[in-house]
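Peer 1: Below is one structure. I have some questions about it.
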Amino acid sequence: MFNTKFRLRKGFSPVISSMILTSAVIIIGSILWAYSRSATVVMTNSYVDETFMTLDNLIERFTIEKIYYNDTDKKMILYVYNYGDIPITLDIYINSSNGSGFSSLDNNVDQQSLQRVEIPVDVSSGSILSIKCHTRRSNDVVTKYYVL
């Protein structure tokens, strides 16, 4: 009689162990799936943000239309034209051939507009000025100006 009771319970143990093993595999698989899905979402958002930043760099367009030096006021006057579709912020650096440097920071230029920028500069006649307009998105326009 003892053998028959043991035989009846003998099939019960493999069923329980199979259910426990199956549920453990399902739980571990669900955890891995959730982790990989969240990692994919984070990487996708990072990629999209970088793409939009690169797109802003590509559509940022500007040029220096006119430069002249007003000797009576000791000012360098630049006309910067933004022909792009986004507003820009310019930092303008001027280096003289005699070693002096001048700058004008945080010059905002709206899209499709011309901006006049005046920079106090005291240089002598015959100086060569190197002018660099640098945007916050790291685009540059570099030119030279000869003071007559």
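Peer 1: For Y79, which of the numbered conditions (1) exposed (fewer than 15 other Cβ atoms within 10 Å of the Cβ); (2) of a type outside the set (A, V, I, L, M); (3) at pLDDT below 95; (4) in a strand (DSSP E or B) fails to hold?
Peer 2: Every condition holds for Y79 apart from (3).
Peer 1: Now for a different question. If I ask for residues that are touching a His at 6+ places or on another chain (Cβ under 9 Å) and of a type in the set (V, I, T), which ones from the range 93-141 would you list?
Peer 2: The one that is touching a His at 6+ places or on another chain (Cβ under 9 Å) and of a type in the set (V, I, T): V141.
Peer 1: I want to confirm something. Restricting to the range 87-109 and keeping residues that are part of a strand (DSSP E or B) and among the small types (G, A, S), which single residue is farthest from the chain's Cα centre (by Cα)?
Peer 2: Pass one, the range 87-109, residues part of a strand (DSSP E or B): 88-96, 101-109.
If we keep only those that are among the small types (G, A, S) too, we end up with 96, 101, 103-104.
Details: S96: 31, G101: 28, S103: 24, S104: 23 Å.
Once the filter is applied, the top-ranked residue is S96.
Peer 1: Now, a different point. Do you know which of the residues in the range 40-63 that are of a type outside the set (F, W, Y) and touching a Phe, Trp or Tyr at 6+ places or on another chain (Cβ under 7 Å) is surrounded by the fewest Cβ atoms within 10 Å (Cβ to Cβ)?
Peer 2: The first filter runs over the range 40-63 and keeps only residues of a type outside the set (F, W, Y), leaving 40-46, 48-51, 53-61, 63.
Filter once more, keeping what is touching a Phe, Trp or Tyr at 6+ places or on another chain (Cβ under 7 Å): 61, 63.
Details: R61: 15, T63: 12.
Among those that are of a type outside the set (F, W, Y) and touching a Phe, Trp or Tyr at 6+ places or on another chain (Cβ under 7 Å), it is T63.
Peer 1: Output the residues belonging to the range 104-148 that are under 18 Å from D71 (Cβ atoms) and among the polar types (S, T, N, Q).
Peer 2: If the condition is that a residue be under 18 Å from D71 (Cβ atoms) and among the polar types (S, T, N, Q), then S124, S125, S127 are the ones that fit.
Peer 1: All but one of (1) modelled with pLDDT under 90; (2) in a helix (DSSP H, G or I) hold for G84; state the number of the condition that does not hold.
Peer 2: Result: G84 fails condition (2) only.
The values are calculated or read from the model by the stated rules, or taken from the named source; none is laboratory data. Keep in mind the model is a prediction, meaning the values are calculated, not measured. Glycine also receives a Cβ, built like all others from the backbone with ideal geometry; neighbour counts cover every protein chain displayed.
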